[in-house]
Every structure is written in C-alpha cells, then in structure tokens.
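S.K.: Sharing a structure, written as structure tokens. Questions coming.
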Ligand SMILES: Nc1nc2c(ncn2[C@@H]2O[C@H](COP(=O)(O)OP(=O)(O)OP(=O)(O)O)[C@@H](O)[C@H]2O)c(=O)[nH]1
Ligand SMILES: [Mg+2]
Ligand SMILES: [Zn+2]
C-alpha cells in the first residue's frame, strides 16, 4: 500500500503527498468510530481509487511521535518560538511555556528573535542573553536586513517545524520569505481586507524545496502547562541542570528553600534572571493546578 504524508485536511478531504504526487483522500468510517481524526503531519497508508484524478482512501495512520489539537498537527520535531525584539515587546513567559511544551513532546525548540532592525544591537543582545545557556539554537532575524535567514534554513532542512509566538511577531512574514511562493497572509495583507489581527487560520504543512516542512499556526495553544508536575518543572530548564544536585535540600524546588544553589546561581548572574522569574511563575501556576485537581 502506498505511504504518504497528510499536508492538510479540509472538509473531510485530506491532501496526501506521496512520491511527489498529491492525492485527495477521504477517510474510512472506522477511524471516526475509533475517535481518531487524521491530522496534518500524519504518516498514512492509503489506497488509490483513481490514479488520474489522484483520489484515494486513507486506510491506516502510523503511530505518532506527538500530536496537538490546537493547532491540529502531528509529528512536528522542531518548534520555532518567535519573539520580536519590539512591536510587540517580548513575552518571555509565553516563550517559556512554548519551550516547555516542546520539550514535553519530544520537540527541539529554536528561539527566534525577530525584528532586530527595530532596536539597538544591545537590546537584541539582552534578549539573546536570556536563552544563551539553554543550549537551544537562538537565531536573530529581520525582514529588513534579512539577517538570520540562512541560519534558519539550515535548521529547517529535513525537519518538520511549527512556528509559534504572540500575534504580530512576524511568523508569517518569516515563512513567506522562507518559501518561494507567498502563501501566508501577513498582518499587512489582512489589514487591507479588514480581517483583523488573527490572520492565520488554516493549518497546513508546506514543503520546502530543499527538504523539510514548515507549519504556520494560528496562535499555538499547546501552552497550557499541563502534562507536567510542578515538581518536575526544573528539569525543563537546561541551565539549572548543573546546580540541581547542589541544593541543601533534596528535591529542592528552587523557590523558597535556603541553601538553594539555583537561586545562588541566579544571584551570581550565572543563570539569567528572566528565565528564573518565568520558572517561578510557571511553578506557581502548576502548583495551583495541582492543588485544585480534585475540585
Ligand atoms: N520592522 C520589521 N517588521 C516586521 C518584521 N517581520 C514582520 N514584521 C511586520 O510585523 C507585522 C506582523 O507580521 P506577521 O508576519 O503578520 O505576524 P504573525 O506572527 O504571523 O502574526 P499572527 O498571524 O497574527 O500570529 C507585519 O506588519 C510585518 O510586516 C521585521 O523583521 N522587521
Ligand atoms: Mg500569521
Ligand atoms: Zn534549589
């Protein structure tokens, strides 16, 4: 049976790519009975009912590496977390939540600092400094100077990458510059046709001619910090790692305990304060969720 990749699904029809051909496929009722919805990014086995019209049926969905409901997408292995140096001001808390969601789902985060043309170099450096010790790639980008595009292309090659971040940070703009044809609606276009700010609505995989796929998403809401216990949160912060075992108390939460080596490292400037602040906020959020779990 031929194998393929679902690029998008619209109204019960799925576009399946297989050996450089594109098939319009429907889905067997059995999936619905089992409560399974095929998603963009799914690897499938399908039967071809009409080779000229390129039509078929999806018969089997391969096991997923991960999947999300909002946005509906499966099997991404990179998450580009996009911040703007300005307009809008960076939302570091959202960035951390996105990073955590990525890590929990076996996805490597890539940090993009976009719109570097709008601020002084030093301001870009400060944002960069927040992520310097995470070990995640940090790419500075601008549509004006075109800085960073070569570097991003390298990272996208051979991967399936979703782009996430606040509205207006420039996700669609970056994607438009990455892919040859201009298929993404950006804020500028949408203002002309008066559709408001939230411009990106369909989820689809876009194939890069040099290998790999990108996904533009309408506001990733894989940001709800569930799926992790607050006690485990510190393991989502790579820069804490070398201090974890050095705290006075076993299982130190790095919040209030005395003799906390993580806090010491923050005070000594070895761990960026912004990351620690976000850690504390998310820790409290998770703890509250945990304490209310039976309500
Ligand atoms: N100065 C400057 N402006 C940029 C840059 N990148 C994007 N913009 C502008 O920022 C605005 C928002 O860009 P979009 O690409 O629509 O942002 P988005 O992240 O896709 O927004 P949503 O789809 O609403 O989530 C547009 O007016 C872009 O032209 C950049 O590098 N520099
Ligand atoms: Mg967009
Ligand atoms: Zn500690």
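S.K.: Give me a count of the residues in the range 109-123 that are closer than 10 Å to residue 85 by Cα and touching a strand residue (DSSP E or B) at 6+ places or on another chain (Cβ under 6 Å).
M.R.: Here the count works out to 5.
S.K.: For the list (1) more than 8 Å from ligand 3 (Cβ to nearest atom); (2) assigned to a helix (DSSP H, G or I); (3) out of contact with any helix residue (DSSP H, G or I) (no Cβ under 6 Å at 6 or more places or on another chain), I need the number of the one condition that residue 294 fails.
M.R.: Here residue 294 meets the rest and fails (2).
Residue-by-condition table, conditions (1) in the same structural domain as residue 179 (by TED's automatic domain parsing); (2) modelled with pLDDT under 90; (3) over 27 Å from the mean Cα position of the chain (by Cα):
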{"position": "202", "(1), (2), (3)": "yes, yes, no"}
{"position": "209", "(1), (2), (3)": "yes, yes, no"}
{"position": "223", "(1), (2), (3)": "no, yes, no"}
{"position": "241", "(1), (2), (3)": "no, no, no"}
{"position": "245", "(1), (2), (3)": "no, no, yes"}
{"position": "256", "(1), (2), (3)": "no, no, yes"}
{"position": "264", "(1), (2), (3)": "no, no, yes"}
{"position": "268", "(1), (2), (3)": "no, no, yes"}
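S.K.: Another question about this same structure. Are there any pairs with C-beta distances below 8 angstrom linking a residue in the range 82-102 that is without any contact (Cβ under 8 Å) to a residue 60 or more places away in the chain to a residue that is part of a helix (DSSP H, G or I), with the two at least 6 apart or on different chains, and if so which?
M.R.: 85/116; 85/118; 85/123; 85/124; 85/127; 86/118; 86/123; 90/127
Residues checked against (1) farther than 27 Å from residue 93 by Cβ; (2) at pLDDT below 95; (3) within 16 Å of ligand 2 (Cβ to nearest atom):
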| residue | (1), (2), (3) |
| --- | --- |
| 131 | no, no, no |
| 138 | no, no, no |
| 141 | no, no, yes |
| 148 | no, no, no |
| 157 | yes, no, no |
| 161 | no, no, yes |
| 166 | no, yes, yes |
| 179 | yes, yes, yes |
| 182 | yes, yes, yes |
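S.K.: Tell me whether the range 83-95 contains one or more residues that are modelled with pLDDT of 95 or more and in a strand (DSSP E or B).
M.R.: Yes, the range 83-95 contains at least one residue that is modelled with pLDDT of 95 or more and in a strand (DSSP E or B).
S.K.: Determine whether the range 75-92 contains at least one residue that is surrounded by fewer than 22 Cβ atoms within 10 Å (Cβ to Cβ), in contact with a helix residue (DSSP H, G or I) (Cβ under 7 Å, 6 or more places away or on another chain) and farther than 16 Å from residue 141 by Cβ.
M.R.: Scanning the range 75-92 turns up at least one residue that is surrounded by fewer than 22 Cβ atoms within 10 Å (Cβ to Cβ), in contact with a helix residue (DSSP H, G or I) (Cβ under 7 Å, 6 or more places away or on another chain) and farther than 16 Å from residue 141 by Cβ.
S.K.: While we're here: What residue, of 129, 158, 125, is away from ligand 1 (no atom under 16 Å from the Cβ) and assigned to a loop (DSSP other than H, G, I, E, B)? I'd like the intermediate steps shown before the answer.
M.R.: On the way: 129 fails: assigned to a loop (DSSP other than H, G, I, E, B); 125 fails: assigned to a loop (DSSP other than H, G, I, E, B).
Of the residues listed, the single one that is away from ligand 1 (no atom under 16 Å from the Cβ) and assigned to a loop (DSSP other than H, G, I, E, B) is 158.
The values are calculated or read from the model by the stated rules, or taken from the named source; none is laboratory data. As the structure is a prediction and not an experimental result, all values here were calculated from the model. No Cβ is skipped: glycine too gets one built from the backbone with ideal geometry, and neighbour counts run over all protein chains shown.
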